[in-house]
Amino acid sequence: SEREFLEAEQRKEAARIRRESARQHLLRLGMTEAGLSVLEATGHRAATGFLSLVAPFDGEILDLHAVRGERIEPGAQVILLGDTRSLWLWIDVYEARLEAVRTAVAKGEASARVSVRAYPGEWFEGKVDYIAARMDEATRTIKARVLLENPDAKLKPGMFARARVAVDKEGRHSAVPTAALMSDDGRDFVFVHHQGDYFVRRPVT
């Protein structure tokens with residue numbers, strides 16, 4: 001009868017919707033179109049119960065929250081994947097230095113040298129590429145981001161670091177070798193040549 005035909009049509013459409021929903025769910029979980037084609041062609045005989053997780057980019061596993069046999073709920077964080085060949089370092093810029101750093105960033109000249117406790121005496125080169133829009137009222141500092149290249153993977157996410165930002169590339173500045181710097185009772189000084197064998201002591205900061 002026409003009624004039975006219409007009911008069958010409705011059941012067919014409902015089944016098609018459920019099938020498409022399941023198909024989209026499998027795609028979201030990581031199954032490929034090729035894997036779905038095999039399932040559609042052979043049915044349950046091709047179902048192994050295993051699902052391959054394919055990383056969306058090259059990197060390394062930074063954190064793993066899953067163990068064999070564990071039930072994983074939807075939305076749970078299972079793997080933390082990261083590409084550590086380049087890292088972001090967030091630094092605190094004092095209010096008094098903000099204008100100089102902002103100007104240097106606008107000119108593309110805000111280079112930074114970064115040091116970490118793990119490698120004393122070693123410096124890592126980076127560049128300030130972003131300054132936050134809001135200042136911390138408690139510390140009177142503003143966040144800035146340094147982009148660091150990390151090809152040797154020496155730097156690790158979560159490390160504490162110090163950064164020196166070069167903001168003044170103009171003008172002439174006096175400089176002395178580190179070996180020339182002397183200290184007496186907590187005060188730094190250098191000897192400046194006056195004439196002949198005569199040198200004069202000059203305090204420096």
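Identify the single condition in (1) surrounded by 11 or more Cβ atoms within 10 Å (Cβ to Cβ); (2) under 30 Å from L62 (Cβ atoms); (3) free of Cβ contacts under 8 Å to residues at least 12 places away in the same chain; (4) of a type in the set (G, A, S) that A180 does not satisfy, given that it satisfies every other one.
Going through the list (1) surrounded by 11 or more Cβ atoms within 10 Å (Cβ to Cβ); (2) under 30 Å from L62 (Cβ atoms); (3) free of Cβ contacts under 8 Å to residues at least 12 places away in the same chain; (4) of a type in the set (G, A, S), A180 breaks only (2).
Just the residues that are over 26 Å from G121 (Cβ atoms), assigned to a strand (DSSP E or B) and of a type in the set (D, E, K, R), please, taken from the range 173-205.
R201, R202
If you take the residues in the range 122-172 that are assigned to a strand (DSSP E or B) and hydroxyl-bearing (S, T, Y), which one is surrounded by the most Cβ atoms within 10 Å (Cβ to Cβ)?
So in the range 122-172, the residues assigned to a strand (DSSP E or B) come out as 124-136, 141-149, 161-166.
Pick out the ones that are also hydroxyl-bearing (S, T, Y) and you get 130, 141.
Numbers: Y130: 13, T141: 17.
Taking the candidates together, the pick is T141.
When you look at G108, is it modelled with pLDDT under 90 and closer than 30 Å to H25 by Cα, yes or no?
no
Looking only at the range 71-87, how many residues end up being assigned to a loop (DSSP other than H, G, I, E, B), surrounded by 10 or more Cβ atoms within 10 Å (Cβ to Cβ) and either charged (D, E, K, R) or under 11 Å from the mean Cα position of the chain (by Cα) (or both)?
Count: 3.
Can you tell me which of (1) aromatic (F, W, Y); (2) open to solvent by 100 Å² or more (accessible area, probe 1.4 Å); (3) more than 24 Å from R85 (Cβ to Cβ) is the one F189 doesn't meet?
(2)
For V93, only one of the following conditions fails: (1) open to solvent by less than 80 Å² (accessible area, probe 1.4 Å); (2) of a type in the set (V, I, T); (3) under 18 Å from P157 (Cα atoms); (4) part of a strand (DSSP E or B). What is its number?
Single failed check for V93: (3).
How about the range 101-120: which of its residues are closer than 13 Å to R164 by Cα and exposed (fewer than 15 other Cβ atoms within 10 Å of the Cβ)?
R113
Considering every residue within the range 124-137, establish whether at least one is at positive phi and charged (D, E, K, R). Give the steps one after another, and end with the answer.
Residues of the range 124-137 at positive phi: none.
So far as the range 124-137 goes, no, none of its residues is at positive phi and charged (D, E, K, R).
Conditions tested, residue by residue: (1) open to solvent by less than 70 Å² (accessible area, probe 1.4 Å); (2) modelled with pLDDT of 85 or more; (3) touching a Phe, Trp or Tyr at 6+ places or on another chain (Cβ under 6 Å).
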{"residue": "A8", "(1), (2), (3)": "yes, yes, no"}
{"residue": "H25", "(1), (2), (3)": "no, yes, no"}
{"residue": "V38", "(1), (2), (3)": "no, no, no"}
{"residue": "G43", "(1), (2), (3)": "yes, no, no"}
{"residue": "T48", "(1), (2), (3)": "no, no, no"}
{"residue": "A55", "(1), (2), (3)": "yes, no, no"}
{"residue": "E60", "(1), (2), (3)": "no, yes, no"}
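I need every pair where a residue in the range 1-27 that is within 23 Å of H44 (Cβ to Cβ) has its Cβ under 8 Å from the Cβ of a residue that is among the acidic types (D, E) and assigned to a helix (DSSP H, G or I), sequence separation at least 6 or different chains.
That search, which allows pairs on different chains as well, returns L27/E33.
With respect to R18, determine if the residue is open to solvent by 80 Å² or more (accessible area, probe 1.4 Å), under 30 Å from K156 (Cβ atoms) and not hydroxyl-bearing (S, T, Y). Working first, answer last.
On the way: open to solvent by 80 Å² or more (accessible area, probe 1.4 Å): yes; under 30 Å from K156 (Cβ atoms): no; not hydroxyl-bearing (S, T, Y): yes.
No; evaluated as a whole, the condition is false for this residue.
The values are calculated or read from the model by the stated rules, or taken from the named source; none is laboratory data. If you're wondering where the values come from, they're calculated on a predicted model, not measured in any experiment. When we count neighbours, we look across all protein chains shown, and the Cβ atoms used for this are built from the backbone with ideal geometry, even at glycine. Keep in mind that these areas ignore ligands, DNA and RNA; they rest on the heavy atoms of the full protein, side chains included. Shrake-Rupley method; radii C 1.70, N 1.55, O 1.52, S 1.80 Å.
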